[in-house]
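This report refers to the structure that appears directly beneath it.
The values are calculated or read from the model by the stated rules, or taken from the named source; none is laboratory data. These numbers come from a predicted model, not from an experiment. Cβ sites come from the backbone with ideal geometry, for glycine too, and all protein chains shown count toward neighbours. For accessibility, only protein heavy atoms count, side chains too; no ligands or nucleic acids. Shrake-Rupley method; radii C 1.70, N 1.55, O 1.52, S 1.80 Å.
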Amino acid sequence: MDNLRPELELLYELQNYDIRISDIRKKISKAPSLVEDKKKSLEYKKMEIESKKKNFVKLNSLKKEKEAAFDSKEKSISAYSIELNSVKSNDVYKVVLLKIEKAKSDKGAIENEILELMDKIEKESVIVKSAEDELKKLEKKIKNDISEFENFIKKLEKEVTAVETERGEYKLKISKTILMQYERIRDARDGRGICLIDDESCGGCGMMLRPQLINQSYKCHELVFCDNCSKILLQK
Ligand SMILES: [Zn+2]
């Protein structure tokens, strides 16, 4: 009877290729969500700045309104002043004079409001400016991170292709029947189809093996499978 040991040793080595391939593929598959997270954090920052800018814009338009009101008070004052020159009656004169006083006090109040707004706008513009600077830095960093990451992924893709090619050549050394059984177990289990016997236990699942299986695995005349995890067993 054939001794399967040399072939099983090759199979065990082939499994190392499979483990490497699957590890690299796992890393590659995580890439899109990592890139997405980075992009999201940038979007969040942009939204934050947009809301700060809205406040800035609102204050500016309020200032414009106040300035228009200020102008209109000034116009009223000069109109009343002209009116004052042509007034004949003393009573009307007093009324117009009062109107001028009122318009002047309104104008003063508006002026104070404008000054307050200017102060707020200045503070707000500092906030927006620093947020924009921060955003620029963040944008640059994230762009850089993403491109570094994409390069890393490209490297991994090259690496996995190389390992797959090597594996493709390596597997030719193993008979198709054994290969197929191994692959079936590997795919149904945790990516491993063969394991070493560790003392008297299965190195895959840790289960104690029946003496008969251990004997068979020494002889290596046939494939021996763990009763529990079904992996092919190989003596160290
Ligand atoms: Zn097992």
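Could you order 93, 80 by accessible surface area, starting with the largest, using a probe radius of 1.4 Å? List each step's numbers first, then the result.
Working: 93 90, 80 60 Å².
I get 93, 80, largest accessible area first.
Taking the C-alpha atoms only, the angle from helix 90-170 to the longest principal axis of the chain is near 10 degrees. Take residue 189: with every protein chain present and a 1.4 Å probe, its accessible area is about 110 Å².
Helix 176-188 and the longest principal axis of the C-alpha atoms of the chain enclose an angle of approximately 40°. Only protein heavy atoms count here; under a 1.4 Å probe, residue 179 has an accessible surface of about 20 Å².
Give me the number: length gained by fully extending residue 71 to residue 154, i.e. 0.36 nm times residue separation minus the C-alpha to C-alpha distance, one decimal in nm.
Values: separation 83, 0.36 × 83 = 29.88 nm, distance 6.48 nm.
Net length gain for the segment: 23.4 nm.
Does anything in segment 211-236 have its amide N under 12 Å from the 7 Å Cα→Cβ label point of residue 200, and if so which residues? Counting backbone N atoms under 12 Å from the label point, the list is 211-215. With pairing defined as another cysteine C-beta under 4.7 Å, the cysteines of the chain that fail it are 195, 220. For the chain, the longest principal axis of the alpha carbon atoms and the long axis of helix 5-86 meet at an angle near 0°.
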